[in-house]
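Novice: Let me give you the structure first, and then I'll get to my questions.
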Amino acid sequence: MERKIQLTDSKSLLRKILMGAGSLVLFSASVLLLNLDLATFVSRAKEAGSVLQHFLQLDLTDLAEIMSELFLSVTIAFAALIGGTLFSLIFAVFGAENITPHRYLSYFIKGFISIIRAIPSLVWILMIVASMGFGTISGLIGLIFPTVGYLGKSFISSIEEVPEDVIEAMKATGASKIQIITEGVFPCVSNMFLSWIAIRVESNVAESISLGIVGAGGIGTLLTRAIGSYDYPKISTIILMIFVTMLALEIVVNRIKTVTK
Amino acid sequence: MKGPLLKITNLSKRYDGNKIALKNITLEIQPKEFVVIIGPSGAGKSTLIRCLNQLVKPSEGEIIFDGEDISKAKGKKLRQLRGKIGMIFQHYNLISRTNVLKNVLNGKLGSVPFWVSTFGLYSQEDRLQAYNLLKTVGLQDSLYQQAKDLSGGQMQRVGICRALMQEPSLILADEPIASLDPKSSEVVMDYLKKVTEERDLTCIVNLHQVEVAKKYATRIIGVREGEIVFDGTSEELSEDIIKNIYHLPEKKQEVILPVPGFVAEGEAVYE
Ligand SMILES: Nc1ncnc2c1ncn2[C@@H]1O[C@H](COP(=O)(O)OP(=O)(O)OP(=O)(O)O)[C@@H](O)[C@H]1O
Ligand SMILES: [Mg+2]
């Protein structure tokens, strides 16, 4: 007697079909709601070739300006990283549940960090720009928020994973609170902290570039201006320089990450 | 010093208001005693030893150590008293990413200001003392090795050195050899016995191997369900008494599973 053997049971098959149908409905609904002007897109698509051609040119006359603005963006990113790291360290020491002086202080700090994280970085930067005006300082302060949101949370979770053993052993020697942290906790987490910081380098530079677009100084501001004046060669040059910078950073960061493993 | 080093009166411990782990323990320990506490799992051995240096807060009772009530001490006073009590742990509790020498110097934490430890400003005398301690346990060649790269037996010897670095008058050891193979266990117990005798220290050790207890102890205390059921010398610890300590009438004894690696010949060996 022949018997067919199904690869999946009917229950999970049904689930897959339902999920497929659901995604299809969701996609069509979104497209319809967006009111996409497909006609324009198709008619413009013919011009894609010539636009692409414009983009293929580079304009090196403003290279000095581009480089100095790019340098400014990277500087903002690193300054925010250092500032954010300091704040995060303080928050972590008081916020990690296993070493906090008081449980409620820990809840408070964790809640505060969750609020920071719940608001996207661009919104933070826009709020700072709105209240402090355009400029580098706004960019710097605005960028510290997402940095603390990321590093603060990561630092706290690293410290909370320090085995209770270690803290107990330190206590038993008669060590003070500060000594328990500097001699017991920090040696356990320092490598992890370094790799959290290294991971954050890339996001900080990327965010620092995009925050220029909303008027907080740096290469982003230059890019917006070039786009506004349809200066294709300049746009290409800027994008190429950004690309090179990000690539270089990624290589360096990966090095650091393998070393601290 | 005259009189007992440690005077425990009516010590009780109840975890989170639930089960009683220690019931009305009253006990005196004289200087230079090598006391081994034995008893079945869950008897309260660790709780007792941890109450002595307040890693566990007792629910009731009084612990007079070196003439002072450590159970009432707080803050600086407590740290100062803890500094006089060295502790050795089952899992060594070393700082794994820190080198051997610094791990031993951590024993000084109770007596140096924080900047000395934070910035590595230990005096040459302290460093030399740490070196000499490591030499007595045969680890003088591993000063700069990270603790995580040592074997279990070596880690425990570093643990002993850290405790001795405190220049304590009392050493507590909670199952110091429970994670070691028989050979390393013997080495570690021999060192522990030797260094405490040389320095006239008092030592309280939790063990679950009765044979080892008999070999090293000057006094054995049997604990069962939070109460002391035996207190005497190795000679007085008879088979019947051992049975009594380990026998739990109402409860079922825990089933002891075979340990992988200790299977009989011909049986599967786990990786
Ligand atoms: N932190 C804790 N919270 C709640 N109950 C605990 C805690 N520590 C120990 N106990 C309970 O207290 C009792 C005594 O535990 P203790 O660890 O002192 O026993 P022990 O004699 O050291 O056992 P073992 O030989 O397994 O180490 C046990 O019933 C245990 O479940
Ligand atoms: Mg125990």
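None of the figures in this text is laboratory data; all of them are computed from the coordinates on show. Remember, it's a predicted structure, so these values are computed and weren't measured experimentally. Heads up, the Cβs are rebuilt from the backbone with ideal geometry, glycines too, and the neighbour counts pull from every protein chain shown.
Novice: Give me the inter-chain shielding for A:159-172: mean count of other chain Cβ atoms within 10 Å, whole number please.
Specialist: 5
Novice: Put +1 on the Cβ of each Lys and Arg and -1 on the Cβ of each Asp and Glu in chain B; which of B:L101, B:G159, B:V212 then has its Cα farthest toward the positive end of the dipole?
Specialist: The residue sitting most towards the positive pole is B:L101.
Novice: Sticking with this structure for a sec: Pairs of alpha-carbon atoms within less than 8 angstrom and 6+ residues apart define the contacts here; what relative contact order does region A:109-224 have, in percent?
Specialist: On the way: 111 pairs, mean separation 35.5, N = 116.
Once normalised by length, the contact order is 31 percent.
Novice: Highest first, please rank the peptides A:140-149, A:9-18, A:80-89, B:200-209 by the mean number of other Cβ atoms sitting within 10 Å of their residues.
Specialist: With the highest mean Cβ count within 10 Å placed first, the list reads A:140-149, B:200-209, A:80-89, A:9-18.
Novice: Additional query: In Å and from the alpha-carbon atoms only, list the Rg and Dmax of region B:6-246.
Specialist: Taking only Cα atoms of region B:6-246, I get Rg and Dmax of 17.8, 56 Å.
Novice: Could you work out the relative contact order of chain B, using alpha carbon pairs under 8 angstrom and six or more residues apart, expressed as a whole percent?
Specialist: The value is 25 percent.
Novice: Oh, and also: Determine the shape class of region A:6-76: with a ≥ b ≥ c the square roots of the Cα gyration tensor eigenvalues, call it rounded for a/c under 1.5, and otherwise prolate if a/b is greater than b/c, oblate otherwise.
Specialist: Because a/c hits 1.5 or more and a/b exceeds b/c, region A:6-76 counts as prolate.
Novice: FRET efficiency for B:E62 and B:T218, Cβ-Cβ distance as r, R0 = 22 Å, nearest 0.05?
Specialist: Computed FRET efficiency for B:E62 and B:T218: 0.35.
Novice: Mean-square fluctuation check for chain A, GNM, Cα pairs under 10 Å: which of A:V25, A:V185, A:V74 is largest?
Specialist: Sorting by GNM fluctuation, first place goes to A:V25.
Novice: About the Cα centre of the protein assembly as shown, how large is the charge dipole given +1 on each Lys and Arg Cβ and -1 on each Asp and Glu Cβ? Please answer in debye to the nearest 20.
Specialist: That gives the protein assembly as shown a dipole magnitude of about 860 debye.
Novice: Near the amide H of B:V223, under 5 Å away, which other amide H atoms are found, from residues 5 or more places off or on another chain, if H is placed in the peptide plane?
Specialist: The answer is B:I38, B:G39, B:V229.
Novice: Let me ask something else about it. Note down the magnitude of the dipole of chain B about its Cα centre, charges +1 on Lys and Arg C-beta and -1 on Asp and Glu C-beta and zero elsewhere, to the nearest 20 debye.
Specialist: Details: 36 positive and 34 negative charges, 254 e Å.
Roughly 1220 debye, rounded to the nearest 20.
Novice: Next up: For the protein assembly as shown, with the dipole built from +1 on Lys and Arg beta-carbon atoms and -1 on Asp and Glu ones, taken about the Cα centre, which of A:Q6, A:S28, A:S176 lies farthest toward the positive end?
Specialist: A:S28
Novice: Give me A:S43, B:S96 ranked fewest to most by other Cβ atoms within 10 Å of their Cβ, as a rough exposure proxy.
Specialist: Ordered by Cβ neighbours within 10 Å, fewest first: A:S43, B:S96.
Novice: Provide the net charge surrounding B:P58, with neighbours chosen by a C-beta distance below 10 Å and charges set as Lys +1, Arg +1, Asp -1, Glu -1.
Specialist: +2
Novice: Something else about it: Taking the Cα centre of region B:3-111 as origin, work out the dipole magnitude from +1 charges on Lys and Arg Cβ and -1 charges on Asp and Glu Cβ, in debye rounded to 20.
Specialist: 480 debye
Novice: If packing is taken as the mean number of other Cβ atoms within 10 Å per residue, what is the order of A:55-68, B:52-65, highest first?
Specialist: B:52-65, A:55-68
Novice: Out of every Cα pair in the protein assembly as shown, what percent are spaced more than 29 Å from each other?
Specialist: For the protein assembly as shown, the fraction of Cα-Cα distances above 29 Å is 67 percent.
Novice: Now a separate question. Helix by helix through chain A, keep the DSSP H runs that span 24 Å or more along the axis on Cα and average at least 0.5 on Kyte-Doolittle, and give those back in order.
Specialist: Details: long enough: A:10-34 (36 Å, 1.38); A:63-95 (46 Å, 1.88); A:136-160 (35 Å, 1.09); A:186-213 (40 Å, 0.94); A:232-260 (42 Å, 1.30).
What comes out of the filter, once short or polar helices are dropped, is A:10-34, A:63-95, A:136-160, A:186-213, A:232-260.
Novice: Still on this model: Have a look at B:I160, B:I177, B:I242 and tell me which one the Gaussian network model of chain B (Cα, springs below 10 Å) gives the largest fluctuation.
Specialist: Of B:I160, B:I177, B:I242, the Gaussian network model singles out B:I242 as fluctuating most.
Novice: Something else: With unit charges on the beta carbons (Lys and Arg positive, Asp and Glu negative) and the dipole taken about the Cα centre of chain A, which residue among A:T245, A:S208, A:F91 sits farthest to the positive side?
Specialist: Final value for the positive-end residue is A:F91.
Novice: Using a 10 angstrom cutoff on alpha carbons, build the Gaussian network for chain B and name the most mobile of B:F114, B:F89, B:F34.
Specialist: Judging by the Gaussian network model, the answer is B:F114.
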